[in-house]
Structures are given as structure tokens and as C-alpha cells.
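**Student:** This is the structure I want to talk about, given as C-alpha cells.
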Amino acid sequence: MQLTDYINWWEETKELGLKDVKSTFVSLFSELDSLPSIYHPILYKFLKNPQMKHWNNDLFLFTRAKIQEIEENIGNENMTTTLLKNSHFLIYTYQNLLDIEERILLMNRFKGSEELKAKIFSINIYNDLLNTSFSNILKLFIEFQSIIENRNLFQKNLTPQIECLASSKRGYQIITDLADSNIRNAISHGGVKAEGSKMFFSYRKGGQQIQEESSVYNFKDSLLQLYDGLSAIVLAWIGYLCEENITYNEIYKNSSAHEDTSLFFEKLSMSTLLTTCDKIYQLDINNQTEQRQHINVEFVGVDLDIDSRVFLGLHTAERIFQLRELSLEDTIMISFHSPRTANSFFTINCSIVSDLASGVIDLGEAWKRVIKDKNVLMFPINDENRNEFEDSFRYYPDIETEDYLITEIEDISLEDQKRFKSVVYLKRAKRPNHVRDAVKNAINKINTLENFGFSSHKVKYGNMEADIIYMVLYKRELRRGKDRALFPSNDNFIAQVQYDKNMRFPIRNNFVDTHLKRRREKTIEYNWNPNF
């Protein structure tokens, strides 16, 4: 299999949805015979993502017509040049819509009142949509309008951007009207308030104080209307890129393209419908022993078995090696993040990648050499029946008595051990004997807690007693800074404590432990601050 077609092969044979993408968007983009494959992952999101799939058809058709009008005014060559130079505005809009989509999903799953939803979610989401997605897409249109009028119309802030395009002679009112002026003005002046099912929008206009009233339901509808309109505008521009066949070759190493545009297309060239190349960053290793480049590549998406991660990871390393023209001394780390798999990674030396790319070895032999280097951590998919949303927001409430406050309780269990960690503030302990009494009581409180497991990996969970409990003890309740340091010089720090019913005490901090005074009392180990 050739390097250039492994993504296409994967989408066609290992994933579902490519047929729907092609049938939907080839017919939607009227001047297209086939889709450039690099855009498959983006178009899949407009077809399947729970929010993006609701893009507004009227705004899509209007934007299509507006793009055609712009091209007729400035010509195809000028259109392409300007778009390549300013594509980062389109990319920022698209990426922000994906981020906002996750927050809308959280908002919809949240079981609090509509008033609380508005305070926690919808007001901030609307504000971010205005000042990121909406502002960036307006900047893109302003760049083209500047070419049409042969003058610089650039505006830094949202209000003048809207005013620039809202005039009837420029014809962008359908787009600029997406942002409700009352809401926008109130948000800009911090004048949005939710009370029960009502919302109030206050702002000044000239010397007059104005207050408008609406409902939380209408406000959410305005938010979704803005989101759907922006999705449609982005889709229309993606359609133009497809029709003009502007792909990786036109972007990568193009001096007129913004750096973020090149990076976006590089990641897009390694993404599939369901597995997205989320990050690529390069580190310069330059010390007395070595000088090399190290590339980190991160994937997010659906759960893949280990063989699938190996396949995509090795081919990705091959592509990175060639695109970035790496040397044999360089290294590449590929990592995978997905809901039901613990974070996995492997690091591969470019000498192995070079042999793979030149056909000296195949994928199987390359993987054997990666394993031999022992820089691999690949976890299986957790096949337990889990609720991913509940697992993500699992919370253990604080435990407070007259003597102590137990907080930051966290489940750190392993597959064969039920374990908790926590922070304990001792209110009245002045001497070691006082501490011991409080610790025994606190251990009994934590020991009876039920833990619930995780989506990403299997652990021992349930109502049984804990195997290990790790605690850090302080005098005063402080959540950050030097007063939380685990060193003798910190007079707020009392001790590390570890309860282990099997008396093996496996949790260690070699950087800290040497400075502390260790004492064991059967199932409890104390690492005392020697100054306590």
C-alpha cells in the first residue's frame, strides 16, 4: 500500500460514512465531480456532528451566492490568492465551532434549571461565538471587500466589523443580522442577567440606559440560530475550496499562507472521518549529549484497537518524516486519546521510519523494532458497560468534622487495587499524637466510600474497603502556592500519610521523600515534616 493512499483505504474499509459524505456534498457543491479527499473529515462533521449538522440552508445558499459575486468582482486568480492568504480566519471560525459544540452538548446534558444553564453556559457561549467565530468570519469577508473597493477596510473589533459590512450597498445584512444587536450590546457592557425564566439585557445608547427583556428559551434559540448560521457560512467556503480543488499542495510551504493554515492542512492530511489529528508540535532537543528534532503528534476520536493504532501511527510517522524532511537522528511520538481507552503512545526513531518509507522493512518489522526500543504504552479498549458522561463528572463530596476537612478526594484505583488520594486540613492538631488520632478517623471515613470505575480503563471498584489511601496533611486550608509544597521549609505542611492494608506502601515520591522523616505504624506510614 502506498503512503499517499492509506487514509483513503482506511476511510473506505474501516470506517462508515464516506459514501454518505460523497453522495451528500458532491450534489450540494454544484460545480464538483468528486470531493478532494483531504476535506472528507471536515464534511463528515457537517453531516454527522450533533450541532454542526443543523447548518442553516438559507445562509448556505446566500453565502454561496456572495462568494460567486465576490469572484465575479475580483477575478478567479485574485480570489484564490486572497483566500489562501486569509484562510486562517476561516480555520479559526471552524475550530471554534467545534469547541463550542462540545460546550453546547454539556449544556444540554446539564440537569440544572434553565436559569443556571444560562448563567453557566449560554451567556458565555454566545459571547465566545460573537468574538471568535463571528468576528473571524467577518474579517474574512472584509478582506475581500477591501479588494473590491481597493481600500483597507480592516477593523479590529466586532462592532465596527459589523458596521463595516452592514451597509445596504455591500449586501451582507443577512450575515450581520445573525448577531442580535440588543444581546450583543448588553454582552459588550456586561449587562446580561438571568432571573428565573427571564433574561434582561441592559446597555447604554448615547445618554440613554436601555433594558430589553426576553426569556432564557428565546436566548438559547438566538444562540443556536447564530451557531447554525456560522456553520452554514463555513460550509459554503469549504464548498468553494473543494470546487477550486485547493488542497494540501496549494497550502503547504506556500509563503503567502498563514502558518496556522499550513499546520491545519498538515493535520487534516493525517485525519480520517472518525480519528482526528488534533495536535502537531516540534521540539528542539539541544544538549551536551544530543541534538535532534522531536515531533509530537496527538490523535483524538473513536476507540481503536491496538493494531489499528499501530497502523495509523506508523503511517503517520512515515508522512511526518517525509513532510518535515527529518533526519535519521530525529524521533516522533504518536499518542492516542479516546473515551474508552487510556491514553496510549509510542515513540519511533526516524531510522526505523526511513527503512519503512524506503521499503527495507514492512509495518510488522517496524513495529517489532519500536517495541524493542521499549518506548511504548498501548492500552486495550475498556469493554465494560460505562456511561462516559457520568464518569467524566464523578465527584466525591468533601468530608468535614470538628477536627479536619477532607477535600480533593480522587479515585486513583488500579485493576487489582481500590485506591483513593485526598488532601486533609487538620483544624486542631498541634502534636503528632493529635495527628495520628485524626488520621485514623479520616482513614475510616474514606475507607467506606464507594468508587465507580472509569470509562477509559478497568479498575477495582465497588463497596469493598480500600486497599490504599494516600493523604497529604496541612494545617491551614490553602489551594495553591508555596503553602502547598511538600518540603520541610513549608510550615503549613504536616505530613504525607499512606494507609496500605497489605503493608507494602507502593506510592513513592523520590524527589520529596528524602527530605521527610518516615515512620510506620502497622498499616499506616507517615512521612513527617521534620519541623512539625
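**Student:** For n ≥ 4 DSSP H runs only, could you compute -39500 (n - 2.57) per run for the chain, divide by its residues and tell me the 222 nm figure to the nearest 500? Let's see the in-between values first.
**Tutor:** Details: 20 runs with 228 residues, N = 532.
Rounded to the nearest 500, it is -13000 deg cm²/dmol.
**Student:** Moving on to the next point. What are the extents of the Cα atoms of segment 406-532 along their three principal axes, listed from largest to smallest and rounded to whole Å?
**Tutor:** The principal-axis extents, from largest down, are 40, 31, 28 Å.
**Student:** Given a 1.4 Å probe and heavy atoms of the protein chains only, how would you sort 172, 252, largest accessible area at the top?
**Tutor:** Working: 172 0, 252 50 Å².
From most accessible down to least: 252, 172.
**Student:** Counting only C-alpha contacts under 8 Å and six or more residues apart, can you give the relative contact order of segment 193-248 as a whole percent? Before the final figure, lay out the partial values.
**Tutor:** Numbers: 33 pairs, mean separation 12.2, N = 56.
Once divided by the residue count of segment 193-248, the mean separation gives 22 percent.
**Student:** According to the Cα gyration tensor, what semi-axes, each the square root of 5 times an eigenvalue, does the equivalent ellipsoid of segment 350-483 have, listed from largest to smallest in whole Å? Don't jump to the answer; show the numbers that get you there.
**Tutor:** On the way: eigenvalues 387, 74, 34 Å².
Result for segment 350-483: semi-axes of 44, 19, 13 Å.
**Student:** Tell me the angle of helix 76-109 to the major Cα principal axis of the chain, expressed in degrees between 0 and 90 and rounded to the nearest ten.
**Tutor:** Orientation of helix 76-109: about 40 degrees from the principal axis.
**Student:** What's the ranking of 278-285, 260-267 by average number of surrounding C-beta atoms within 10 Å, highest first? The partial results should precede the final answer.
**Tutor:** Values: 278-285: 12.9, 260-267: 18.6.
Packing order, densest peptide first, comes out as 260-267, 278-285.
**Student:** Can I ask one more? Which net charge results when you count Lys and Arg as +1 and Asp and Glu as -1 among the other residues whose beta-carbon is under 12 Å from that of residue 47? Mind showing how you got there, number by number?
**Tutor:** Details: positive: 19, 22, 45, 48, 53; negative: 20.
Neighbourhood net charge equals +4.
**Student:** Hey, if we sort 290, 415, 525 by accessible area with the 1.4 Å probe, largest down, what's the order?
**Tutor:** Numbers: 290 70, 415 135, 525 5 Å².
Output order, biggest surface exposure first: 415, 290, 525.
**Student:** In segment 387-429, what chymotrypsin sites (Phe, Trp or Tyr not before Pro) fall in a loop by DSSP, with at most 11 other Cβ atoms inside 10 Å? Numbers along the way, then the final one.
**Tutor:** Details: sites: 389, 393, 395, 404, 420, 425; in loops: 393, 395.
Of the chymotrypsin sites (Phe, Trp or Tyr not before Pro), the ones in loops of segment 387-429 whose Cβ has at most 11 other Cβ atoms within 10 Å are 393, 395.
**Student:** Largest first and in whole Å, what are the equivalent-ellipsoid semi-axes of segment 60-205 based on the Cα gyration tensor, each being the root of 5 times an eigenvalue?
**Tutor:** Details: eigenvalues 216, 62, 28 Å².
Sorted largest first and rounded, they come to 33, 18, 12 Å.
**Student:** At q = 0.32 Å⁻¹, work out log10 I(q)/I(0) for segment 237-288 with the Debye formula, treating every Cα as an identical point scatterer and leaving solvent out; two decimals please.
**Tutor:** Those come out to -1.23, one per q.
**Student:** Over the chain, with every protein chain in place, what whole percent of the accessible area is carbon and sulfur at 1.4 Å, could you tell me?
**Tutor:** Values: 12270 of 26650 Å².
The value for the chain is 46 percent carbon and sulfur by accessible area.
**Student:** Would you tally the net charge around residue 199, using a Cβ to Cβ cut-off of less than 13 Å, leaving residue 199 out, and scoring K and R as +1, D and E as -1?
**Tutor:** Working: positive: 117, 119, 193, 198, 220; negative: 114, 115, 180, 195, 212, 213, 221.
Charge balance near residue 199 sits at -2.
**Student:** Moving on to the next point. How big is Rg to Rh over the chain, alpha-carbon atoms, Rh as the Kirkwood inverse-mean-distance radius? Numbers along the way, then the final one.
**Tutor:** Working: Rg = 28.4 Å, Rh = 27.5 Å.
Checking Rg against Rh, the ratio lands at 1.03.
**Student:** Right, another one. Within straight cross-link reach of residue 427, meaning Cα distance under 12 Å, which aspartates and glutamates are found once same-chain residues fewer than 8 apart are removed?
**Tutor:** Partners within reach: 400, 402, 403, 477.
**Student:** Right, next: Checking the cross-link filter: which lysines have an alpha carbon closer than 20 Å to that of residue 372, excluding same-chain neighbours under 8 positions apart?
**Tutor:** none
**Student:** Per-residue HN-Hα couplings for segment 377-389, Karplus 6.51 cos²θ - 1.76 cosθ + 1.60 at θ = phi - 60°, whole Hz, x for Gly and Pro?
**Tutor:** Residue by residue, segment 377-389 yields 9, 10, 9, x, 6, 7, 8, 5, 7, 10, 9, 4, 5 Hz.
**Student:** Relative contact order for the chain using alpha-carbon pairs under 8 Å, separation at least 6, rounded to a whole percent? Mind showing how you got there, number by number?
**Tutor:** On the way: 796 pairs, mean separation 50.5, N = 532.
Across the chain, relative contact order equals 9 percent.
**Student:** Could I ask something else about it? Taking amide H positions as placed 1.01 Å from N in the peptide plane, with prolines and chain starts having none, which residues 5 or more places from residue 451, or on another chain, fall under 5 Å of its amide H?
**Tutor:** Under 5 Å from the amide H of residue 451: 462.
**Student:** If you don't mind, another one. Find the Rg to Rh ratio for segment 308-386, where Rh is the Kirkwood radius over alpha-carbon pairs and Rg uses the same atoms. Write out the running numbers ahead of the final one.
**Tutor:** Numbers: Rg = 13.4 Å, Rh = 13.1 Å.
Ratio value, two decimals: 1.02.
**Student:** Just read off the accessible area of residue 390 with the full protein assembly in place, 1.4 Å probe, to the nearest 10 Å².
**Tutor:** My reading of the accessible area for residue 390 is about 100 Å².
**Student:** Rounded to whole Å and sorted largest first, list the principal axis extents of the Cα atoms in segment 1-104.
**Tutor:** So the three principal-axis extents are 44, 38, 25 Å.
**Student:** Would you work out the charge dipole size for segment 407-532 about its Cα centre, treating the Cβ of every Lys and Arg as +1 and the Cβ of every Asp and Glu as -1, and quote it to the nearest 20 debye? Present the calculation step by step, with values, prior to reporting the outcome.
**Tutor:** On the way: 26 positive and 16 negative charges, 114 e Å.
Around 540 debye, computed over segment 407-532.
**Student:** How charged is the neighbourhood of residue 276? Take every other residue with its Cβ under 12 Å from the Cβ of residue 276, and add Lys/Arg as +1 and Asp/Glu as -1.
**Tutor:** Values: positive: 45, 267, 279; negative: 278, 298.
The answer is +1.
**Student:** How high is the relative contact order of segment 416-492, in percent, counting Cα pairs under 8 Å that sit 6 or more residues apart?
**Tutor:** Numbers: 89 pairs, mean separation 32.1, N = 77.
RCO, segment 416-492: 42 percent.
**Student:** For q = 0.12, 0.21 Å⁻¹, what log10 I(q)/I(0) does segment 159-292 give under the Debye formula with an equal point scatterer on each alpha carbon and no solvent?
**Tutor:** Each listed q maps to, in turn, -0.79, -1.25.
**Student:** If you don't mind, there's one more thing I want to ask. Rounded to two decimals, what is the ratio between the C-alpha radius of gyration of segment 140-210 and 2.2 N^0.38 Å? Show your work: numbers first, answer last.
**Tutor:** On the way: Rg = 15.2 Å, N = 71, 2.2 N^0.38 = 11.1 Å.
The reported ratio for this selection is 1.37.
**Student:** Continuing with the same structure: Taking the alpha-carbon distance from residue 368 and a cut-off under 17 Å, which aspartates and glutamates remain once sequence neighbours fewer than 8 residues away in the same chain are dropped?
**Tutor:** List returned: 307, 318, 355.
**Student:** Quick one: accessible area per residue over the chain, 1.4 Å probe, rounded to a whole number of Å²? Present the calculation step by step, with values, prior to reporting the outcome.
**Tutor:** Values: 26650 Å² over 532 residues.
Accessible area per residue: 50 Å².
**Student:** Apply the Karplus curve 6.51 cos²θ - 1.76 cosθ + 1.60, θ = phi - 60°, to the phi angles in segment 521-528 and return the couplings in whole Hz, x for Gly and Pro.
**Tutor:** 10, 6, 8, 10, 10, 10, 10, 6
**Student:** Oh, and also: In the structure displayed, which of 430/482; 45/374; 45/220 lie more than 27 Å apart, Cα to Cα? It would help to have the intermediate numbers written out before the result.
**Tutor:** Numbers: 430/482 21 Å; 45/374 37 Å; 45/220 22 Å.
The pairs that break the limit, which is 27 Å between Cα atoms, are 45/374.
**Student:** Give me, ordered by chain and number, the residues 5 or more places off residue 278 or on other chains with an amide H under 5 Å from its own placed amide H.
**Tutor:** The answer is 298, 299, 300.
**Student:** When all protein chains stay in place, what accessible area (Å², nearest 10, 1.4 Å probe) is found for residue 151?
**Tutor:** Surface open to solvent at residue 151 totals about 120 Å².
**Student:** Could you sort 184, 394, 431, 292 by their accessible area in this structure, using a 1.4 Å probe and putting the largest first? Kindly include the intermediate steps, with their values, before the conclusion.
**Tutor:** Values: 184 25, 394 90, 431 160, 292 55 Å².
From most accessible down to least: 431, 394, 292, 184.
**Student:** Amide H of residue 199: which non-local residues (sequence gap of 5 or more, or other chain) have their own amide H closer than 5 Å, using H built in the peptide plane?
**Tutor:** Placed amide hydrogens put 214, 215, 216 under 5 Å from residue 199.
**Student:** Averaged over all directions, how much area does the convex hull of the C-alpha atoms of segment 228-354 cover when projected, in nm²? Walk me through the numbers before you get to the answer.
**Tutor:** Values: hull surface 40.2 nm².
Over every viewing direction, the Cα hull of segment 228-354 projects on average to 10.1 nm².
The values are calculated or read from the model by the stated rules, or taken from the named source; none is laboratory data. Owing to the predicted nature of the structure, the values given are computational and were not obtained by experimental measurement. Positions of Cβ are generated from backbone atoms using ideal geometry, with glycine treated the same way; all protein chains shown enter the neighbour counts. Ligands, DNA and RNA are excluded from the accessible area calculation, which covers all protein heavy atoms including side chains. Shrake-Rupley method; radii C 1.70, N 1.55, O 1.52, S 1.80 Å.
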